[in-house]
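Notes follow the structure.
Rule-based calculations on the coordinates, nothing more; no lab input. Remember, it's a predicted structure, so these values are computed and weren't measured experimentally. We place every Cβ from the backbone using ideal geometry, glycine too, and count neighbours over all the protein chains shown.
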Amino acid sequence: MNGEIVLDASAAADWLLPGPRSAGVDAFVRPSARRIAPDLIFAEFASVAIKLVRRNQISRTIAHDAVRRLPRLIDEVAPLDTLAGSAYALAERHAFSAYDAFYLALALKRDLALVTADAKLARSATEGGLARHVRLVPPESRP
Amino acid sequence: MKPTKYEPLKRHLEGMFQHGEVRLSFQEIERVLGFSLPRSAYEAQPWWSNTRAGHSQAVAWLDAGWRTASLDLGAQRVSFVKADRSGVAEEGATFQHTDAEAIVLPPSALHTRALRMIDEHVAEYGGDRASACVALLDQLANDRLAAMVDWFQKASPPLTVDVVDLIREDRDSDER
């Protein structure tokens, strides 16, 4: 059994919605013993769901169901107020976006790997010396 | 998920859900496991720490809902106490499982098939009916999650928009 991981919204969206990385995310994420995410994930996931509806990619029903079911993918939610200070310091020091920094702050705090489909986040983390704390889902991982 | 070699300890502790604290000698743990603990368990306190990373033994007791509370290396004894298990319920509401919320399953309320499944699990993996129920319900939860993911994957045609691009629109908003 794998250990705990931090999950971000890009990996969660790819896990639930059919994209080129979906199989890869499933292989990365499903065997993990526990999946942890900052509560930012709910805002980001809802945002991407509404954008997909507006671009006629998914139905309103599917989007609503996906947002409603997202908690089932997560075993523990970390409140943002417990991460804000360290996230801000990370963003300032490494020029991460504040959004990226919250996920990385949680991964650092728990000494875990952040699983993401976001190559820019992974690249920034690697350049910031945090490669050990990020795992990028391969861009094309259809079975 | 492939069980670790400490799975028997996890199942043993899962079956002790009616207790608030469990004190075990190292020898008792070895009998449960069926093998000797490593030397570091006898000599080094960190081996007993409640740290998941790199510690499959800790994963076993933490996944069972327990954490180590006191350790006596000289007497070769350790005590476990119930750890609150937190998670996320539907709609994001946080829930806590505590000792006071133990679930009672009267066998008379279960279908014969369910009882047979529980007893077959006991026969195959050991433990008691309580630990079998815990293991089977955990497996059911994992199966339901997998089925839900599969359903969502098939419910829509493949996206022609990359979700990462959509998320980056928000994440990069503080760079504008």
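Summarise the partner chain shielding of B:55-63 as one whole number: the mean count of Cβ atoms from other chains within 10 Å of each residue's Cβ.
Averaged over the peptide's residues, the number is 2.
Where the centre of each part is set by its Cα atoms, how far does the range B:158-175 sit from the range A:30-104, in angstrom? Going from one Cα centre to the other spans 12 Å. Build a GNM of chain B with springs between Cα atoms under 10 Å apart, and of B:ASP150, B:ASP138, B:ASP128 the one that fluctuates most is B:ASP150. Under a model in which nothing but the beta-carbon of Lys, Arg (+1) and Asp, Glu (-1) is charged, the range B:1-81 shows a dipole of about 180 debye around its Cα centre.
Sequence-ordered 3J(HN,Hα) estimates for the range B:14-19 from the Karplus curve with 6.51, -1.76 and 1.60 and θ = phi - 60° stand at 4, x, 9, 4, 7, 9 Hz, glycine and proline given as x. Extending 7 Å from the Cα toward the beta-carbon at both A:ALA84 and A:ILE50 defines two label points whose distance is 2.2 nm.
Please identify, among B:ALA64, B:ALA141, B:ALA132, the residue showing maximal mean-square fluctuation in a Gaussian network model of chain B using a 10 angstrom Cα cutoff. In this elastic network of chain B, the residue with the biggest mean-square fluctuation among B:ALA64, B:ALA141, B:ALA132 is B:ALA141. Separation of the range B:105-141 from the range B:2-37 is 19 Å, based on Cα centroids. Taking the DSSP bridge list for the protein assembly as shown and keeping only pairs wholly inside it, about 55 percent are antiparallel.
Have a look at B:PHE17, B:PHE152, B:PHE35 and tell me which one the Gaussian network model of chain B (Cα, springs below 10 Å) gives the largest fluctuation. So, out of B:PHE17, B:PHE152, B:PHE35, the one fluctuating most is B:PHE152. Applying the Kirkwood pairwise sum to the alpha-carbon positions of the range A:10-79 produces a hydrodynamic radius of 12.5 angstrom. Our coupling estimate for the range A:88-101, obtained by passing each phi through the Karplus curve with A = 6.51, B = -1.76, C = 1.60 and θ = phi - 60°, is 4, 4, 5, 4, 5, 6, 10, 6, 6, 6, 4, 4, 4, 5 Hz, Gly and Pro reported as x. Once you divide the Cα radius of gyration of chain A by 2.2 N^0.38 Å, the number left is 1.00. Sequentially through the range B:145-160, phi angles give Karplus couplings (6.51, -1.76, 1.60; θ = phi - 60°) of 5, 4, 5, 5, 4, 4, 4, 5, 4, 9, 7, 10, x, x, 5, 9 Hz, Gly and Pro residues having no value and appearing as x. The ratio of the alpha-carbon radius of gyration of the protein assembly as shown to the globular-protein estimate 2.2 N^0.38 Å is 1.09.
As a rough footprinting exposure proxy, the listed residues B:MET148, B:MET16 were ranked by other beta carbons within 10 Å of their own, and the order from fewest upward is B:MET148, B:MET16.
With each run of n ≥ 4 DSSP H residues scored as -39500 (n - 2.57), what mean residue ellipticity at 222 nm is computed for chain A after dividing by its residue count and rounding to the nearest 500 deg cm²/dmol?
One gets -15500 deg cm²/dmol as the mean residue ellipticity at 222 nm.
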